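Derivation of every value follows stated rules applied to the coordinates shown; laboratory data play no part. Keep in mind the model is a prediction, meaning the values are calculated, not measured. Methodologically, a virtual Cβ is constructed for each residue, glycine included, from the backbone with ideal geometry; neighbour enumeration extends over all protein chains shown.
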C-alpha cells in the first residue's frame, strides 16, 4: 500500500466527500478517486461506500484504524526528534454527562501538561464504541466492557443518577390528579438516551405514547430545563445534589440509577495515549463511585 493512498482515505472519511478531500489535497476529485481505487486494488476489497457522506466498509474500517495508529506514532516520533509539541490532536469520545462532571479535571491536566491537544466528540455512552470501530476516536468513555478489536478496556467506576424534576413537577406527580409517571413530560439529551426507562421499567410503568418529550442536547441545558419545569430526567448525583439542596430541583423517587463506565482505547504503545489515560483514571478516581 502506498502511504499517500492511506492519507487520501483518511481525508475522504474525515471530510465526508471526494470533492472536499480533493480540495484539501489540492488535486482533482478524479485523482482522489484513482487513489482510492488503487488502494482497493492493493487490498482486494472495496473500502469506501460512495454516498453523501462517504462511508467505509468493514475492510475500510480496518484500514482507517491502522492508518490513524501509524500517523499517531509517526507524529510522536517526529515530535520527539524535533523536541516540539505534538500537532496531532488526540480524538476522544465522551458522553455529555461525563464531560459536564467528572471528566472536567482531565481538561485541566492536559492544559497543565501542555503536550496534548484534544478533539472531543460528544456521544451517548451506550453508542460511543461505533466511533472506535470506525477509527474516528483513539479512545472513548463507554458503558460497554466488551472490547473492540485492537483495543483494551479499563474500568473507570460507576456514575450514579437521580430522577429529578422541578419542585412543581414533583408536587404534580404526588397529587391525585397529576397523571402519574406515565404522562409526566420527559427530557432527553439525545436520540439514544433511554436511561429514564431504567427508572420506570423496574416499577412496571409504561409511559404514555403521547407524553411530551423534549430533547436538550447539552448537559447544562438539560439541567436548566429541569429547573424551569419543562420535564423530568435523570441527572448525575454529583450535579443534582447541588440543585436539590438549593431547592431548584426535587428528587422524584428514592431510585438511584448506576451506570458502570469504562475507558476503551487503542492497544498501542503511545506516550500521548498513556498520558491521557493516566489523566482520565485520576479524574475518575475522584469523580466516580
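Modelled spin-label separation between residue 130 and residue 267, with each label point placed 7 Å from Cα along the Cα-to-Cβ direction: 2.5 nm. Exposure proxy shown here: for 205, 36, the number of other Cβ atoms within 10 Å sets the order, fewest to most, as 205, 36.
Note on residue 278 and residue 42: the model spin-label points, each 7 Å out from Cα along the C-beta direction, lie 3.5 nm apart.
In this structure, residue 209 and residue 66 have a Cβ-Cβ separation that, at R0 = 51 Å, corresponds to a calculated FRET efficiency of about 0.65. Computed over the chain, relative contact order equals 21 percent, with contacts defined as Cα pairs under 8 Å that lie 6+ residues apart. Entry note, segment 122-205: relative contact order of 23 percent, from Cα contacts under 8 Å with a spacing of 6+ residues. Under 17 Å from a label point set 7 Å out along the Cα-to-Cβ vector of residue 218, the amide N atoms of segment 113-133 belong to 122-123. Roughly how many Å is it from the Cα centre of segment 133-148 to that of segment 181-221, as a whole number? Each part reduced to its Cα centre gives a spacing of 26 Å.
Taking Cα atoms only, the orientation of helix 58-82 departs from the longest principal axis of the chain by about 80 degrees.
What's the FRET efficiency of residue 174 with residue 58 using the Cβ-Cβ distance as r and R₀ = 45 Å, to the nearest 0.05? Plugging the Cβ-Cβ distance into 1/(1 + (r/R0)^6) gives 0.30. Our estimate of slack between residue 112 and residue 27, defined as 0.36 nm per intervening residue step minus the Cα-Cα distance, is 26.6 nm. The DSSP beta bridges internal to the chain are antiparallel in roughly 65% of cases.
How would you classify segment 44-175 from its alpha-carbon gyration tensor, with a ≥ b ≥ c the square roots of the eigenvalues: rounded for a/c under 1.5, else prolate if a/b is greater than b/c, otherwise oblate? Verdict is oblate for segment 44-175. Relative contact order for segment 4-66: 33 percent, from Cα pairs under 8 Å spaced at least 6 residues apart, divided by residue count. Taking square-rooted eigenvalues a ≥ b ≥ c of the alpha carbon gyration tensor, is segment 1-71 rounded, prolate or oblate, where a/c under 1.5 means rounded and, failing that, a/b exceeding b/c means prolate? Cα axes put segment 1-71 in the rounded bin.
Rounded, prolate or oblate: pick one for segment 85-128, where a ≥ b ≥ c are the square roots of the eigenvalues of its C-alpha gyration tensor, a/c under 1.5 means rounded, and failing that, prolate if a/b is larger than b/c, else oblate. Cα axes put segment 85-128 in the oblate bin. Just to be sure I understand: if I project the alpha-carbon convex hull of segment 160-258 onto a plane and average over all orientations, what area do I get in nm²? Result: 5.9 nm². The base-10 log of I(q)/I(0) for the chain, evaluated at q = 0.10 Å⁻¹, reads -0.66 [Debye formula, identical scatterers on Cα atoms, solvent excluded]. Estimated from helical segments only, the mean residue ellipticity of the chain at 222 nm is -14000 deg cm²/dmol, where each DSSP H run of four or more residues counts as -39500 (n - 2.57).
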